[in-house]
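One structure below.
None of the figures in this text is laboratory data; all of them are computed from the coordinates on show. Since this is a predicted model, take the numbers as computed values, not measurements. Virtual Cβ from ideal backbone geometry, glycine too; neighbours counted across all protein chains shown.
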Amino acid sequence: MKRIYLDNNATTPVHPEVLDAMLPYLKDEFGNPSSIHWAGRHPRKAIDDAREKVARLLNCDASEIIFTSCGSEGDNLAIKGVAELKKDKGNHIITTKVEHPAVLGTCKYLAKNGFDVTFLDVDSQGMLDPDHVRKAITSKTSLITIMFANNETGVIFPIEDIGKIAKEHNITFHTDAVQGAGKVLIDVKKMNIDLLTLSGHKIYAPKGVGALYAKRGVRLSPVIHGGHQERNRRGGTENVAGIVALGKACEIAAMDMAEEMKYIAGLRDRLQEGLMQRISHVRFNGHPVKRTPNTLNLSFEFAEGESLLLNLDMKGIAASSGSACTSGTLEPSHVLVAMGIPLEASHSSVRFSLGRGNTVGDIDYVIEVLPPIVERMRSMSPLYSTVTGKGTDITFSESNSCSH
Ligand code: PLP
């Protein structure tokens, strides 16, 4: 059976060059980078080199990179680290309703512990108006934490505008760029970003490594207390192999991004057009232009998303749905709900997230396989037959509305 992977926002395969770069640090170069003897020297040097490479991708200084274990840790360190240190000056945090749970959960935790958190709305295309950020600022605002690109829709927020607003008000600005890095150019200086989270496994490095950019002068209270590693900002013996991998992945991303993303966006558009031409009642979720080149979120109305995924899986296609199974029930995606998308459409959404390994053949296979699956599922839906039977009284004006 074919195996087609269209779930790269969940995780990516490790790039062969990344694997080659990291392997020595799982074998002969096993030393502790803090050791002053021979065994520690190469691992220390390898970490320093990786730090330079990550910094280059973001246009910052190597000393401003803190290695972490994942994106979630980076988000926790940025948000709790600033909130804790600045709480005497102000306990107000601004974020959005569509953040990843790593940010939402951290903000909700702080809200339960004496912080005042504003969760901003987005519009029906999932876009955030920077003016809403400006209006939410109070004299007590100590942190703005707003994602770079959304993991479900790919929508890219106006980060440079938000950075400018934060700077004007002297407020620390953190962005979760886990889904933006490697897909979109990021310049932390130009964008006035103070803190930025990265995750290795979304950019062809393995799971278990990430990084937080912290602008020089931005102080953080550590989340992991202990050793002196990472300039006392993150205790724990470094994951040398993972860090080397992340450095290599950032180096490759910096080199290949422009060409690779052009290629991937072409495949994504082919998939979008192919599916929307062949299947009726398809709703596009997100912003038609301001989105990452690899992400496509569609609702196949009158077909249930999880069942679609299972059927796609049976054909060897891996994608993801907008619903999450919580306590035995299917919860609609908080992102799609925040965009005002009706519950039924949320439940019928599928996210396709493409990657460097995909080919035109993969896309054409999905375009061939998915329409009959949707048709079969709809044939079992009484609502669909009622609607199509009547044919006229329910219109789907937003369906098929996205054109490039
Ligand atoms: N932030 C975003 C936007 C993500 O998509 C993810 C993972 O899906 C994370 C944070 C968490 O990253 P990690 O899996 O490395 O903890």
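To the nearest 20 debye, what is the magnitude of the charge dipole of segment 16-253 about its Cα centre, counting +1 on the Cβ of each Lys and Arg and -1 on the Cβ of each Asp and Glu? Show your work: numbers first, answer last.
Numbers: 31 positive and 29 negative charges, 128 e Å.
Around 620 debye, computed over segment 16-253.
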Open item on the list: Compute the angle between helix 101-112 and the longest alpha-carbon principal axis of the chain, please, reported from 0 to 90 degrees and rounded to the nearest 10.
Closed with: 70
- [ ] Could you compute the FRET efficiency for D187 and R3, with r as their C-beta to C-beta distance and R0 at 41 Å, rounded to 0.05?
- [x] 0.65
Task: Dipole of the chain [Lys/Arg +1, Asp/Glu -1 at C-beta], most positive-end residue of A241, I159, L77 - done: L77
- [ ] List, in order, the whole-Hz ³J(HN,Hα) value for each residue of segment 261-266 obtained from phi through the Karplus relation with A = 6.51, B = -1.76, C = 1.60 and θ = phi - 60°; use x for Gly and Pro.
- [x] 6, 5, 5, 5, 4, x
Open item on the list: Can you compute the charge dipole magnitude of the chain about its Cα centre, using +1 on each Lys and Arg Cβ and -1 on each Asp and Glu Cβ, nothing else charged? Give it in debye, rounded to the nearest 20.
Closed with: 900
TODO: For a footprinting-style exposure proxy, rank T11, T359, T153 by other Cβ within 10 Å, fewest first.
DONE: T359, T11, T153
- [ ] Express in nm, to one decimal, how much length is gained between S35 and K135 on full extension, taking 0.36 nm for each residue of separation and deducting their alpha carbon distance.
- [x] 30.9 nm
Task: For T68, residues with placed amide H under 5 Å, excluding near neighbours - done: G210, A211, L212
- [ ] Return the distance in nm (one decimal) between the two label points of a simple spin-label model at D269 and T359, each offset 7 Å from Cα along Cα→Cβ.
- [x] 2.3
- [ ] Among the chymotrypsin sites (Phe, Trp or Tyr not before Pro) in segment 172-250, which ones are in a DSSP loop with at most 13 other Cβ atoms within 10 Å of the Cβ? Mind listing them?
- [x] none
Task: Whether the chain is rounded, prolate or oblate, judged on the alpha carbon gyration tensor where a/c under 1.5 counts as rounded - done: oblate
Task: Virtual spin-label span in nm between D116 and L19, 7 Å along Cα→Cβ - done: 5.3
TODO: Relative to the longest principal axis of the C-alpha atoms of the chain, give the angle of the C-alpha long axis of helix 305-314, reported between 0 and 90° and rounded to the nearest 10°.
DONE: 90
Open item on the list: Along the Cα→Cβ direction, 7 angstrom out, place labels at S221 and M255. What is the inter-label distance in nm?
Closed with: 4.3
Open item on the list: Using only Cα atoms and rounding to the nearest 10 degrees, what angle (0 to 90) does helix 38-58 make with the longest principal axis of the chain?
Closed with: 50
